[in-house]
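Reading through the structure tokens given below for one structure.
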Amino acid sequence: MATLALRRRSVIPGFGITIGFTLLYLSLIILIPLSATFIKSTQLGWGGFWTTVTAPRVVASYKLSFGASFLAAAINLVFGMLVAWVLVRYRFPGRRLIDALVDLPFALPTAVAGIALTAIYAPNGWLGQYLEPLGIKVAFTPTGVLVALIFIGLPFVVRTVQPVLQELKPELEEAAASLGASRRQTIFRVLMPSLWPALLTGFALAFARALGEYGSVIFIAGNMPMVSEITPLLIITKLEQYDYAGATAIAVAMLVISFLLLLIINLLQWWGRHRHQ
Amino acid sequence: MSIIIENVNKHFSGFHALQDVNLTIPTGELVALLGPSGCGKTSLLRIIAGLEQPDSGSIRFNGEDTTRRHVRERGVGFVFQPYALFHHMTVFDNVAFGLTVRPRAERPSRGEIADRVHDLLKLVQLEFVADRYPSQLSGGQRQRIALARALAVEPKVLLLDEPFGALDANVRKDLRRWLRRLHDEIHVTSVFVTHDQEEAMEVSSRVVVMSKGRVEQVGTPDEVYGAPATEFVSRFLGSVNLFKGRIHDGWAHIGDVRAPLPHDADTQAGAAVAHLRPHEVSIADSPEGAIAAGCVRGILSIGPMVRIEIERDGEENGLVEVEMVRERYLRSPLALGQKVFIKPRNLRVFASGAG
Amino acid sequence: MNTTTSPTLNEPAWFRRLLIGAGLAFLGLFLALPLAAVLTEALRQGVGAYLVALQEPVALAAIKLTLIAAGIAVPLNLIFGVTAAWAIAKFEFRGKSLLITLIDLPFSVSPVIAGLIYVLIFGAQGWFGQYLFENDIKVIFAVPGIVLATVFVTFPFVARELIPVMEEQGTAEEEAALTLGASGWQTFWRVTLPNIKWGLLYGVILCNARAMGEFGAVSVVSGHIRGETNTLPLHVEILYNEYNFVAAFACASLLALLALVTLAAKSFVEWRGQAQRALAPIALPAVQPST
């Protein structure tokens, strides 16, 4: 962190104290506590660590967490693009209200979302009672996990694509039309290439958020080992059994994956800014 | 390809942007739509292109009504003001775009497209940037690429919206000359929009002066400057000195001068205003034939020209600007505060609406 | 139904309606329906039962604890956010991108892990466990732990909102104030702060919503002691697991109301702040200085 001190001379005061406080607070609240997980996980030794993070029940939870998160992010990719398009391009009554409502999953506590979705999709719930006779079970199955993760990730793609779509100049589409391109060709050859970085960033953010999500999922998932148990829940289970080392090992595996995703998101953002320059 | 615009009207949320516009653009001409911002020139250009629909009236290309034809099928090349290059495509792909989006049956082969693009890049003298992205080009280069892209589809009509608007002065000057030469080479009917009278005069073969949604005058650069049809055209095309007068017995009387009235003016009685450009003023020391008197308040040497500011008697802030070439000034120099008389060499009289 | 672009670029009307319909159906299913479910379920047995549930001493204790946790976490992160944004936006230094990424880190960490790390440090088996036990200080399964976990998960909100706002404003106005003889503090209070107030408020609103609604991280460190270490979201969980649905949804409806107030306040701030600049959407990576 010593390199942080290298800075251009500036007449504006307060660099030393603000950067100092920033680094201190960041270290105390985030960095040192996070490093505790990595230190703790070494207690198990490499063999113990590997056994813990590859136990069948844990692997089953990875499959569910990754699969459902990926699918939820993919669904949000499609519908998020659709919603962003509709909100930016069309005018209809209630548009501004709906635009504000898109952020609901950010503002609504996850536990509330969890019990609300369960009330809707439980076998005797609002929609569940109609789905049950059709043989569709949502709550207390992996599908329930998917529904909760779609809810949680819904705003990400909308909010990353919306500003890019807004900034796109109508002249680009007019130029394409005046050169003889059909609407389809304009959308796929002119609009979409500009939107890809934003779409992928939104996808990655929704995916990362879904991977770590806990509150909204546990109510609707049913939490059956090997079937509908997500990885964050396993950490809690191990903690409740006072298996701190085991909980930490799984946490470290998740952290590594999260950091990789963060790296990918940053690369995507960089790509969006710097390609074609 | 001639363009005939008939009785075109366009409203934008209560604002009458174009009012009964009639205009004929002959084949092969390079026409400027000139006017201040908000005069409707860009709306007219976009209606010709098919990017907007007129509320009433029609657009005919070579006699054929194209008013309802989609911009896609209208066969126009449009150069947008901020260029609207596709930033995710190379220059080559930008220029080739119009060809590659054609239905398969009409699409030229890959090799033909490449040849065509390279010919166009040669035409705009930018062959060496084919593989670059638009963000790597200068403003002037982007402008020329936008033009090449519009020309790639072999448009019957080329339309340019403020083509030199965003460029700095030197580049603008070069590009103007270059555009005129290019037009001499390819002779496609071209219309461009500008608010800069100098640009319109320098580039176009015919100028359409517009104001408040109406066409004020159509003519060669020489005609609109030398014989402006309305007061607006006269004032918009260069600085003028204004002199108030009266209409009496079929003549306009301004100071000591009696000037013929314009043909369409009310010849009975009323107010008139005379326009006199700075270079059309003679300075005399006797009152015969003068339209005003005053004293010299400023003498500014501006390169080859000398500008003299004369304060008119009895009119505070009534400065008259006179311009003459340096040599002529030096033959009869003036002194500050000197009493002089202003004589017109070419006076244009307009009946003034005030009555 | 009008569109923003010129008429030549419109999709056919039926296609537009189809897209709008599909978008609204998706949002209705995933946003409006859960919201409606909370409010309906809460009032299922009438207003009387609803009010009784909210007046339970345990519920009131949970509300109080939630307010305490947010009341500590939000000001702390507000101070941090302003300080960090000042250092990052007004100065150039190496490692700036890394610092921004580190500030964003809590968004990429599962809330469960956020709780776990404090257990590892302050828990009975943790680094300071022995020391805390000997001195009779409780952090985990007590209020300090809940506050710490809340601080962690709401850590980036104010900073990431302010960094782009302050970066956009540059340093010219501060430099002007300094040339006119203002001190550093005067410059901050009279020049910088008025410029960033909407961004600041926006960050605080979002920070507060998350602080009051946090579940996963708090759940790990709380210990779920009724009336003592249960925040409102945790109280909802307990009631729900006890099949006391009306009470659970009644408490949930308070949190849903908080969410709606948050959205309204956020829209208001966006509207007021529009003249200054568009605010960065929530929970998206902060704009990093281009390199």
* To do: Round to the nearest 0.05 the FRET efficiency obtained for B:R60 and B:N9 when R0 = 22 Å and r is the Cβ-Cβ distance.
  => 0.85
* Amide H within-cut-off set for B:N241, under 5 Å, with H built and near neighbours excluded -> B:L276, B:R277
* Asked: Gain in length, A:W50 to A:H274, computed as 0.36 nm per residue apart minus the alpha-carbon separation, to one decimal in nm?
  -> 76.7 nm
* Structure fact -> Whole-Å distance linking the alpha carbon centroid of segment C:154-202 with that of segment A:104-169 is 38 Å
* Asked: What is the magnitude of the charge dipole of the protein assembly as shown about its Cα centre, with +1 placed on the Cβ of each Lys and Arg, -1 on the Cβ of each Asp and Glu, and no other charges, expressed in debye to the nearest 20?
  -> 1020 debye
* From the phi of every residue in segment A:10-19, what ³J(HN,Hα) in whole Hz does the Karplus formula 6.51 cos²θ - 1.76 cosθ + 1.60 yield, where θ is phi - 60° and glycine or proline is x? -> 9, 7, 6, x, x, 5, x, 6, 6, 5
* Asked: Can you put B:E198, B:E6, B:E309 in order of accessible area, largest first, using a 1.4 Å probe?
  -> B:E198, B:E6, B:E309
* So what are the ³J(HN,Hα) numbers for segment C:16-29, from phi and the Karplus equation (6.51, -1.76, 1.60; θ = phi - 60°), rounded to whole Hz, Gly and Pro as x? -> 4, 5, 4, 5, 4, x, 5, x, 5, 5, 4, 5, x, 5
* Asked: Which value results when the Cα radius of gyration for chain B is divided by 2.2 N^0.38 Å?
  -> 1.22
* To do: Between beta-carbons, use under 14 Å as the cut-off and find the net charge around B:R176, counting Lys and Arg +1, Asp and Glu -1.
  => -2
* Asked: By the scheme Lys and Arg +1, Asp and Glu -1, what is the net charge of all other residues having a beta-carbon under 15 Å from that of B:E64?
  -> +2
* Sequence-distant residues sharing a close amide H with B:R297 (under 5 Å, placed H) -> B:E309, B:I310, B:E311, B:G337
* Asked: Do any of C:K96/C:K197; A:K63/C:K266; A:K63/C:K138; B:K41/B:K156; B:K122/B:K173 go past 27 Å between their Cα atoms, and which?
  -> A:K63/C:K266; A:K63/C:K138
* **Translational diffusion of the protein assembly as shown, µm² s⁻¹ [Kirkwood Rh, Cα pairs; Stokes-Einstein; 4 °C; 1.567 mPa s]** => 39 µm²/s
* To do: Give the ranking of B:K41, A:K137 by solvent-accessible surface, highest area first, calculated with a 1.4 Å probe.
  => A:K137, B:K41
* For A:179-189, mean number of other protein chain Cβ atoms within 10 Å -> 6
* Structure fact -> In degrees, nearest 10, the alpha-carbon axis of helix B:110-123 is tilted away from the dominant principal axis of the alpha carbons of chain B by 20 degrees
* Give me the net charge of B:G219's neighbourhood, meaning all other residues with Cβ under 13 Å from the Cβ of B:G219; Lys, Arg count +1, Asp, Glu -1. => -3
* Compute the accessible area per residue over segment A:1-119, keeping the other protein chains in place, probe 1.4 Å, unit Å². => 44 Å²
* Asked: Of the heavy-atom accessible surface of segment A:1-125 (probe 1.4 angstrom), what whole percent is carbon and sulfur?
  -> 73 percent
* Structure fact -> Any lysines whose Cα falls less than 29 Å from that of B:K339, other than same-chain ones fewer than 8 residues away, would be B:K244
* Where A meets C: accessible area buried, both sides, 1.4 Å probe, Å² -> 9100 Å²
* Can you list the HN-Hα couplings for segment C:163-168, worked out from phi with the Karplus curve (6.51, -1.76, 1.60; θ = phi - 60°), rounded to whole Hz and with x for Gly and Pro? -> 4, x, 4, 6, 5, 5
* Structure fact -> Compactness summary of segment B:157-220: radius of gyration and Dmax from Cα atoms, Å, are 11.9, 34
* **Percentage relative contact order, chain B, counting C-alpha pairs under 8 Å, at least six apart** => 16 percent
* Could you pull out every residue, at least 5 positions away or on a different chain, whose amide H is within less than 5 Å of the one on B:A17? Hs are placed 1.01 Å off N in the peptide plane, and Pro or chain starts have none. => B:K10, B:H11, B:F12
* Structure fact -> Computed for A with B: buried accessible area summed over both chains, 1.4 Å probe, rounded to 100 Å², at 2100 Å²
* Asked: Volume per residue, Å³, of the convex hull around the alpha-carbon atoms of chain A?
  -> 214 Å³
* Structure fact -> Checked chain C against the a/c 1.5 cut and the a/b vs b/c comparison, axes a ≥ b ≥ c from its Cα gyration tensor; verdict oblate
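The values are calculated or read from the model by the stated rules, or taken from the named source; none is laboratory data. Quick caveat: nothing in here was measured; it's all calculated off a predicted structure. No Cβ is skipped: glycine too gets one built from the backbone with ideal geometry, and neighbour counts run over all protein chains shown. To get the accessible areas, we keep the full protein, side chains included, count just its heavy atoms, and leave off ligands, DNA and RNA. Shrake-Rupley method; radii C 1.70, N 1.55, O 1.52, S 1.80 Å.
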